[in-house]
Amino acid sequence: MLSLLIRRLVQMVFVMLGISILVFLIFFATPGADPASRIAGRNASPEVVAAVRASFGLDKPLPVQYALMMERLFITRDLTSFVNRGQEVIPEVMEAAPITLSLVGGAAVFWIVGSIAIGIVAAATKGSLLDRILMVLGLIGISMPVYWLGEMVNLITQNRLHDTWLFAWVPPLGYTPLTEDPWTWFKTLLFPWLTLATLYIGLYGRVLRANLVEASHEDYIRTARSKGLSESRILLRHALRTSLIAFVTLFGLDFGALVGGSALLTEVVFALQGVGKLTYDALQNLDLPVIMATVMYASFFVVLANALVDIAYATLDPRVRLA
Amino acid sequence: MTRTTWLMGAVAAAGLMAASLQPAAAQDHRGGIMRLLSQSAGGSLDPKINYTLQYWTMYQYVYDGLVTFKHAAGSEGFTIVPDLAEEMPTPQDGGKTYVFKIRKGIKFADGRELTVKDVVASFQRIFKVSTPTAGSFYNGIVGADACLKTPATCTLDGGVVADEAANTVTIHLVAPDAEFFDKLAVPHGVILPADTPAKDMGSTPIVGTGAYMFAAYDPNKQLKAVRNPYFKEWSKDAQPDGYPDEVHYDFGLTQEAQITAIENGQADWTLDQPPPDRLAEIGSKYKSQVHINTLTAMWYAPMNVNIPPFNNIKARQAVNFAIDRNATVKLFGGKVLAQPACQVLPPGFPGYEPYCPYTKNPGTKWTAPDLAKARELVKESGTAGQKVTIIVQDLTVDRSIGTYLQSVLKAIGYDASVKALSQNIQFTYIQNTNNKVQISVSQWYQDYPAASDFLNVLLGCGTFHPGSDNSPNIAGFCDKDIQAKMDAALALGVTDPAAANKQWAVIDKLTTDQSPVAVLFTPKYIDFLSKRVKNYVFNAQYYWQHTASWIQ
Amino acid sequence: MTDLPVTTEVGQGAAAQERPALGPWARALRKLVADRAAMGALGLFVLIVLACLAAPLYATYVANTDPFTSNIDGTTMVDGQSVALIEPSTEGLGLGSVPLGPTWDIRNYFLGADAQGRDVASRLLYGGRNSLLIAGTSTILCLVLAALTGLIAGFFGGMIDIVISRLLDVLWAFPIYLLAISLSIVLITKGFDIGPISITSGSLELPIFIIGIVYVPYVARPIRGQVLALKESEFVLAAIGLGVPSYRILFRDILPNVMTTLIVFVPLMVAINMLTESALSFLSIGVQPPDASWGTIIQDGQDLIYTRPMVAIAPGIAIVLSVLALNILGDGVRDALDPRAKLRFR
């Protein structure tokens, strides 16, 4: 077990190193990305631009710049932005993190509860009209682009039906911290949660149903049935447990990616300044320090989630061979 | 004269009258917190570094220079008045020497008194921290070239000389400069304490002598300004006391959310222009809270005169004839928000004389495009069928204008396409000749009210730096004869500004005829204020004066 | 798989005995055809494709518009009256302007005009061509690359496997949208020039290339897993023992078995790629103007969402219907070929 952990740790470091190098190279390959002129400001004379370039260390060779940036990001932790001079990058990311966490955490609650309910009901009533309807609804949920759904939700709640009793309580777009005003925090996030969860409810509901149905053909279920247990008991007590393994592993991977910033489209549409939005803005601004910090943050969670899921899978399901 | 709506004029006039007739009553309006909004912060707070209008408007009431732009409404705001200097010095030595007598008793926000030492140190700091305009505005000071070469040891010996006994600072120039006072009046020339570190102070506020001081700055959240406890008003024109007790500038909300916040009374004003889909709403339901002012600025399409197809003057003129400026005005927001333009200098600028050759009936005003003439010119130029790429910023209006231009170029015979780049790289991208940009869409706002700020900066040989990201002469235009005329006008401006302006009008016509750029329109600026903000004052140099208004 | 179909005409004699048993592919096809939901979805998808292919016909003959030329000052006839395509607001201060709304007249601005005065319905059809083209082509690219890497990594094992797997790990750990966004931003300004492959910026090949690459690890992993399992099977071991060259084993023995997985992935990846392309175009880093795609039209509609929502609603519905049809078809294909196929949906 220990050797497995160490191996995964080494892999994690390797992967994150690879990603950081990739980001660095992509950045410097972009024309117009040389920040010296933008930092120096418009109408700056060539001497001023040269002075700025030197002060930011941009005249040093690439490997040196890379090493310096990594050192300032991880060791001294005082990396500053190219766009907002003097602003430290790590606190910026740390402030955006709770917003993403609020969005993704709340959505996760909705989609776990929703998909388990749908999956169980559909499997229990397999073949019936209800089962078909639930599956089609799930499919529709998977087929909608999340940003488009968000726009439609905004159209209705912020504009068309905003003045009716149905949606008059919906606050304007933006984020209110939980510590500041919990009730507004909840009201602001309710629709983003539902929008983000829609995709995953459909997906996970179908997966759970498929796994439950498949499990019901397994030998140990047939044994339970022959023992005289009721179908619902079999479903909830025996089949669900094994089906949840796949469910949990899927969830770990998706949640990890979302915490890192994959919910960026939802954040953009609902004007939530989370990590995803921060990354996207940094990419548009070609603010390399912020890009590096956010991409490292995101890949850390993805890689961590991957590792945890693999380990959990290995411990939970003894049939799995470790690659 | 700047054009303003009757609304703004009435309010401003009333405000000015009220202020001058009843100074005692003004006391009643003191107090409150002014809440400003913007989608993002403006970068470094250091006045010697920052080059954004966003913070330049605030520096007006936080810092002072030797001279400054008058805190007045409309184009009165272009007048330069003495600030830390007791009076405007007369030029000596043929315009190469100016002696400033510094006022006594002016205190920084930390209680220290301002001395001539601070003045000298502030000028040295311009070079030490590599102010963007160090090489373009302040290179005329004696000793500046040494400072540009080795900024760290900048002394400006012989350039800025202090006399402690007489309490004066003398500035020696290499050559007379008609725009000298303008350059001192912009925030890059403000006076800071001598012990301010010689590096970009970023988010750490620096104390100033203005009516307010910066208390805190978090570029992700808020910029806070409060009253300067040591401030005593010495000149109403240069640094008036303000009404609100504090100014809070919040960052992060989207444009849509900002408009909603102002409508709901949760904020007072936003820097960002309203998104196009809210214009009709605020123009009708909230029209009493809307103020529209013409800017001395332009939206234009510079054409690279050094590479095909626009190295051919007929091709460039064809583009100018083909563009339907009414369509671009519509895309910007309508007739109320913009006015078609053909020439480089904007209306209301010194040296402006209406002139438009690129319309169906050439004369002084643009009326309609002339597609037939444009197609003819393209044929004559022999450039028909060539590939042209238009580079625009990826903001809504820019992109829509770019898409429209692509249609126009196709209609007159080019194989045109559009490319949208992030607004953060587009401006440097189109300046660098290595990127071989043929035509782009850009904007230019004045630094200060001088014709050279448009003509010499955008079309002068000296600002064309091939292969550099900083080459504001995007068109790459350099005509020896016209340059000679510009140099002559600059020199003439030292002694006879009126005659110089007439020269600039001639230069304006000449450059417009050469068609290195296609000017689209003169934009107007919308100030959308909340219900409780009263006494709106719009200054042509720095726009809405935050602290000249009070909160009901 | 299902049992051999039993002929009921026992007394057919020679003719019945000569009828060959159906092979696995034919059996799968039969099963798919019998699946009514899948056939319905296929029908819907084909309908959408045909409508989009007919875009030039619609624009020229029915709607009489040029969906790529700006028409800001233009007018059109509605109910016998001439109306401006972009109507400046007349209320209050007269700020802003509103494009023409849906006329519900199939021959004239059916879904209204967009902010440049162009016909939304025509652009919707043209946009569909690009969206479908990009989704389809990037899927082919993705599956080819994934098959290659999966086969090579799984079959040769050792160092090759380790290197390829780690590269795929790095590619996969880089959050998809971030990778796509970074690549888009770079390549859009510069274009792509490696050896014989040269893609000019602003062409459709860029989004195809980016989307094709980003999902390779997702498909390559199951393929590799399958190849690893197949490597231990008797017929492969026998082939190796006989001295058959590796490439022959790969393409003659292993690839056909892996084909099933690849085919099941096809409708799934087309759906995923369509959604990814629309997201990238929505962020302005996918399809570039003047080309349109359903994602760019939703972007156009974003600024008109409160005044002319149809510009954003229509392409969204088009995407939902296409992706839904593909998902249902994908289910049917999977049921027909291998109901036990374990694929991670995403």
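Would a scan of the range A:44-53 turn up a residue that is crowded, with 17+ Cβ neighbours inside 10 Å, at pLDDT 85 or above and acidic (Asp, Glu)? No, the range A:44-53 contains no residue that is crowded, with 17+ Cβ neighbours inside 10 Å, at pLDDT 85 or above and acidic (Asp, Glu).
Okay, residues lined up against (1) part of a loop (DSSP other than H, G, I, E, B); (2) modelled with pLDDT of 90 or more:
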site: C:GLU91; (1), (2): yes, no
site: C:ILE106; (1), (2): yes, no
site: C:TYR109; (1), (2): yes, no
site: C:GLY117; (1), (2): yes, no
site: C:ARG129; (1), (2): no, yes
site: C:ALA135; (1), (2): no, yes
site: C:LEU141; (1), (2): no, yes
site: C:ASP161; (1), (2): no, no
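Total residues in the range A:157-170 satisfying the condition of being surrounded by fewer than 16 Cβ atoms within 10 Å (Cβ to Cβ) and assigned to a helix (DSSP H, G or I): the figure is 2.
The set of residues in the range B:285-311 that are part of a loop (DSSP other than H, G, I, E, B), of a type outside the set (Phe, Trp, Tyr) and under 25 Å from B:SER471 (Cα atoms) comprises B:LEU295, B:THR296, B:ASN304, B:VAL305, B:ASN306, B:ILE307, B:PRO308, B:PRO309, B:ASN311.
Outside any helix (DSSP H, G or I) and touching a strand residue (DSSP E or B) at 6+ places or on another chain (Cβ under 7 Å) - does that describe any residue in the range C:45-65? Checked against the condition, which is being outside any helix (DSSP H, G or I) and touching a strand residue (DSSP E or B) at 6+ places or on another chain (Cβ under 7 Å), the range C:45-65 yields at least one hit.
Scanning the range A:156-183 for residues that are within 23 Å of the chain's Cα centre (by Cα) and within 12 Å of another protein chain (Cβ to nearest Cβ) returns A:LEU173, A:GLY174, A:TYR175, A:THR176, A:PRO177. Scanning the range B:450-498 for residues that are small (Gly, Ala, Ser) and either within 16 Å of B:ASP182 (Cβ to Cβ) or modelled with pLDDT under 90 (or both) yields B:ALA450, B:ALA451, B:SER452, B:GLY462, B:GLY467, B:SER468, B:SER471, B:ALA489, B:ALA491, B:GLY493.
None of B:PHE127, B:PHE123, B:PHE100, B:PHE137 is in a strand (DSSP E or B) and on the phi < 0 side of the Ramachandran plot except B:PHE100. Checking each residue in the range C:283-309 for being in contact (Cβ under 8 Å) with a residue 60 or more places away in the chain, among the polar types (S, T, N, Q) and out of contact with any Lys or Arg (no Cβ under 8 Å at 6 or more places or on another chain) picks out C:SER293, C:THR296, C:THR307. Take the conditions surrounded by fewer than 17 Cβ atoms within 10 Å (Cβ to Cβ) and either farther than 30 Å from A:ASP131 by Cα or more than 14 Å from chain B (Cβ to nearest Cβ) (or both) and apply them to A:TRP193. Does it pass? Against the criterion (surrounded by fewer than 17 Cβ atoms within 10 Å (Cβ to Cβ) and either farther than 30 Å from A:ASP131 by Cα or more than 14 Å from chain B (Cβ to nearest Cβ) (or both)), A:TRP193 does not qualify.
Which one is farthest from A:LEU208 (Cα to Cα) among residues in the range A:135-154 that are touching a Gly at 6+ places or on another chain (Cβ under 6 Å) and more than 9 Å from every other protein chain (Cβ to nearest Cβ)? My answer is A:GLY141.
Taken over the range C:115-159, the criterion of being within 18 Å of C:LEU230 (Cα to Cα) and of a type outside the set (Gly, Ala, Ser) is satisfied by C:LEU148, C:THR149, C:LEU151, C:ILE152, C:PHE155, C:PHE156. Of all residues in the range A:298-307, at least one satisfies being touching a Leu at 6+ places or on another chain (Cβ under 6 Å) and either away from chain B (no Cβ under 14 Å) or in a loop (DSSP other than H, G, I, E, B) (or both).
Filter the range B:312-327 down to the residues that are within 13 Å of another protein chain (Cβ to nearest Cβ), buried (at least 24 other Cβ atoms within 10 Å of the Cβ) and assigned to a helix (DSSP H, G or I) and list them by number. Passing the criteria: B:ALA322, B:ARG325, B:ALA327.
Scanning the range C:58-74 for residues that are surrounded by 15 or more Cβ atoms within 10 Å (Cβ to Cβ) and polar (S, T, N, Q) gives C:THR65, C:THR69, C:SER70, C:ASN71.
Considering the range A:74-92, and only residues there that are part of a helix (DSSP H, G or I) and surrounded by fewer than 20 Cβ atoms within 10 Å (Cβ to Cβ), the residue that is farthest from the other protein chains (Cβ to nearest Cβ) turns out to be A:ILE75.
Quick check, is A:GLY260 within 13 Å of the chain's Cα centre (by Cα), in contact (Cβ under 8 Å) with a residue 60 or more places away in the chain and at negative phi? Here the answer is no, as A:GLY260 does not meet what is asked. The set of residues from the range C:79-119 being under 30 Å from the mean Cα position of the chain (by Cα), buried (at least 19 other Cβ atoms within 10 Å of the Cβ) and aliphatic (A, V, I, L, M) comprises C:LEU111, C:ALA113, C:ALA115. Filtering the range B:253-277 to residues that are closer than 14 Å to A:ALA271 by Cβ, within 7 Å of another protein chain (Cβ to nearest Cβ) and not polar (S, T, N, Q) leaves B:LEU253, B:GLU256, B:ALA257, B:ALA261, B:PRO275. Residues satisfying the criterion are absent from the range B:240-247 (criterion: within 11 Å of chain C (Cβ to nearest Cβ) and in contact (Cβ under 8 Å) with a residue 24 or more places away in the chain).
In the range B:397-426, which residues are within 14 Å of chain A (Cβ to nearest Cβ) and either in a loop (DSSP other than H, G, I, E, B) or in contact (Cβ under 8 Å) with a residue 60 or more places away in the chain (or both)? Residue satisfying the conditions is B:SER422 alone. Sub-6 Å Cβ pairs linking a first residue in the range A:46-63 that is assigned to a helix (DSSP H, G or I) to a second residue that is surrounded by fewer than 17 Cβ atoms within 10 Å (Cβ to Cβ), at least 6 apart or interchain, are A:ARG53/A:ASP59, ordered by first then second residue. Being surrounded by 24 or more Cβ atoms within 10 Å (Cβ to Cβ) and either within 14 Å of chain C (Cβ to nearest Cβ) or touching a residue at least 60 places away in the same chain (Cβ under 8 Å) (or both) is true of B:PRO309. Take the conditions (1) surrounded by 19 or more Cβ atoms within 10 Å (Cβ to Cβ); (2) modelled with pLDDT of 85 or more; (3) not in a loop (DSSP other than H, G, I, E, B); C:TRP172 misses just one of them, which is (2).
Within the range B:262-276, the set of residues being surrounded by fewer than 21 Cβ atoms within 10 Å (Cβ to Cβ) and assigned to a helix (DSSP H, G or I) comprises just one member, B:GLU263. Looking across B:THR389, B:THR364, one residue alone is over 26 Å from C:GLN116 (Cα atoms) and touching a strand residue (DSSP E or B) at 6+ places or on another chain (Cβ under 7 Å). It is B:THR364. Does any residue of the range A:97-109 turn out to be surrounded by 18 or more Cβ atoms within 10 Å (Cβ to Cβ), within 11 Å of another protein chain (Cβ to nearest Cβ) and touching a Phe, Trp or Tyr at 6+ places or on another chain (Cβ under 7 Å)? Yes, the range A:97-109 contains at least one residue that is surrounded by 18 or more Cβ atoms within 10 Å (Cβ to Cβ), within 11 Å of another protein chain (Cβ to nearest Cβ) and touching a Phe, Trp or Tyr at 6+ places or on another chain (Cβ under 7 Å). Among the residues making up the range C:297-311, those that are facing chain A (nearest Cβ under 9 Å) and either in contact with a Phe, Trp or Tyr (Cβ under 7 Å, 6 or more places away or on another chain) or not in a helix (DSSP H, G or I) (or both) are C:ILE298, C:ILE305, C:TYR306, C:PRO309.
The values are calculated or read from the model by the stated rules, or taken from the named source; none is laboratory data. As the structure is a computational prediction, the values presented were derived from the model and not from experiment. Ideal geometry is used to build each Cβ from the backbone, glycine not excepted, and the neighbour counts take in all protein chains shown.
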